[in-house]
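A.B. asks: I am attaching a structure below and will ask some questions about it afterwards.
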Amino acid sequence: MNANDVSILRELAKKYMEIAMLPIQEETAALYRGVNALKPVRPVVLMDEFPWHELDFDGSLTLLCEDETGRLFERYMRRVLFQWKYCRADMMVRPFIPVDKVFYSAGNGIDVIENVISQNDGNHIISHEYDDQFEDDESLNKLHFEKITYDAEETKRRFDLAGDIFEGIAPVKLTGTNSYSAVWDVISRYRGVTALLMDLVERPEFTHALVNKMTEIELDKIRQFEEMNLFEPYPSLIHCTAAITDELPGADFDPEHVRTQNIWGRGMAQIFAHVSKAMHDEFDIQYIKRVLDRFGLVYYGCCEPLHSKIDILEKISNLRKISITPWADVDIAAECIGKRYVLASKPNPAFVAGTFDFKTVEAEIVHVLEACKRNHTTCEFAIKDISTVGGRPQNLFDWEKCVMGVVKNFA
């Protein structure tokens, strides 16, 4: 790496560590812990999954490093500094530079075949049309276990490089991966929506065989992650939600062998948004339980409305947090959840996609807060899946100002 790249990274790291060492970081960690412990503290507010290609209005997100590994560190720090400056909400900055463990999958025998339509460069959220690769029963034979390979040599190279670059400025920490079990998200990319949903009715035996095989593949992948010690025991976030808790990694924790019982598990079945509760239970919960019951705490749901399905989610051991989307009835959800779980509210990202309206955003947040207050329900807010701000970065800044004001002042 050339001297100019090193200089750029060291200057960014100085600014990064100034923020990371502020007392508010520990206050934020305490807030995360309180919410995850179902204590009566104010909701956490988080913002994630930004359309970064629309946000570089001041040039602070422009990458200047030439070295590819250097650009990984640079991108990470620039985005943290940008968000802290303009729309931090309750984000937390940890006092180290993370170096992710590098690993690869050899695949499970199926490659996604699709047509895509993209409206602009740089936006990873695009339109997909998937080819159905499971039209007959024999197609199941194409599936096999994934082989996960931990690239210890590349991981060490990045870790040593980071240690040299940031020496005297910032500690460097090797970080693992979080668990993310979403077999139906994967199946939907192999089949497309129509074929998948029709077969719940027309070919239920085949569908059971498919999801069972995908579940076995997921369990074997988790086994490999445990054996290679790839899981992260101390995440601050798990897919856009607060993860810090006093309950994990637990008394039996061995840092040289992080197991599922030491970490959060995450599950979802987004394609089941309009599937009945009985079908959701039959085709997802009984299978995902085999995966999620291994974990210390569990967060279930993403974009699928779950307000009418809380009772089937209760079958999952150690369930702690349930995603409630803009398409769910939050009044019903809060009543069913009560004091037992965290209601993880996902505010509508469409409200930052066009002309920003403070009253609309405020009304959405107040509605959730009032429902949770009536039912003594712990909640958090995480706006995510922000595919566009309509070219108006100020929308994000206004959303943060509006929501933080409402949450802090709500009695």
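A.B. asks: If you count, for each residue, the other Cβ atoms within 10 Å and average over each peptide, how do 57-67, 241-251 line up from highest to lowest?
C.D. replies: Sorting 57-67, 241-251 by mean packing, highest first, produces 241-251, 57-67.
A.B. asks: Right, another one. Would you list I312, I365, I337 from fewest to most Cβ contacts within 10 Å?
C.D. replies: Going from sparsest to densest Cβ surroundings: I312, I365, I337.
A.B. asks: Pick out which of V116, V352, V44 has the largest mean-square fluctuation in a Gaussian network model of the chain, springs linking Cα atoms closer than 10 Å.
C.D. replies: Ranking V116, V352, V44 by mean-square fluctuation puts V116 first.
A.B. asks: A further question on this structure: Read through the labelled values (i) 1.05; (ii) 0.95; (iii) 1.02 and report the label of the one computed as Rg/Rh (Cα atoms, Kirkwood Rh) from the structure.
C.D. replies: (ii)
A.B. asks: Per DSSP helix of 4 or more residues, -39500 (n - 2.57); summed, then divided by the residues of the chain. What does that give at 222 nm, rounded to the nearest 500? List each step's numbers first, then the result.
C.D. replies: Numbers: 13 runs with 163 residues, N = 411.
Using -39500 (n - 2.57) per qualifying helix, the result is -12500 deg cm²/dmol.
A.B. asks: Looking at the chain, send over the antiparallel percent of its DSSP beta bridges, to the nearest 5.
C.D. replies: Within the chain, antiparallel bridges account for around 25 percent of the total.
A.B. asks: Still on this model: Taking amide H positions as placed in the peptide plane 1.01 Å from N, state which residues far from L237 in sequence (5 or more) or on other chains have amide H under 5 Å from it.
C.D. replies: When sequence neighbours closer than 5 places are left aside, the close amide H contacts are A243.
A.B. asks: Now, a different point. With Cβ to Cβ distances under 10 Å as the rule, what net charge do the other residues near T175 carry (K, R +1; D, E -1)? All intermediate terms of the calculation are to be shown ahead of the outcome.
C.D. replies: On the way: positive: R94, K101, K173; negative: D100, E232.
Surrounding charge for T175 is +1.
A.B. asks: Going by average Cβ density within 10 Å per residue, which order do the peptides 161-171, 371-381 take, highest to lowest?
C.D. replies: In descending order of packing, they fall as 371-381, 161-171.
A.B. asks: A follow-up question, please. Pick from N178, N395, N115 the residue whose mean-square fluctuation is largest in a GNM of the chain, springs joining Cα atoms under 10 Å.
C.D. replies: N115
A.B. asks: Let me ask another. Treat the count of other C-beta atoms within 10 Å as a stand-in for reagent exposure and order E74, E49 from fewest to most.
C.D. replies: Fewest to most other Cβ atoms nearby, the residues stand as E49, E74.
A.B. asks: Further, regarding this structure: Using the count of nearby Cβ atoms within 10 Å as a rough guide to exposure, how do I113, I383, I316 rank from fewest to most?
C.D. replies: I113, I316, I383
Every read-out reported here was derived from the displayed coordinates using simple, explicitly stated rules and does not represent laboratory data. These figures come from a predicted structure and were not determined experimentally. Every residue, glycine as well, gets a Cβ built from its backbone with ideal geometry; the counts of neighbours run over all protein chains shown.
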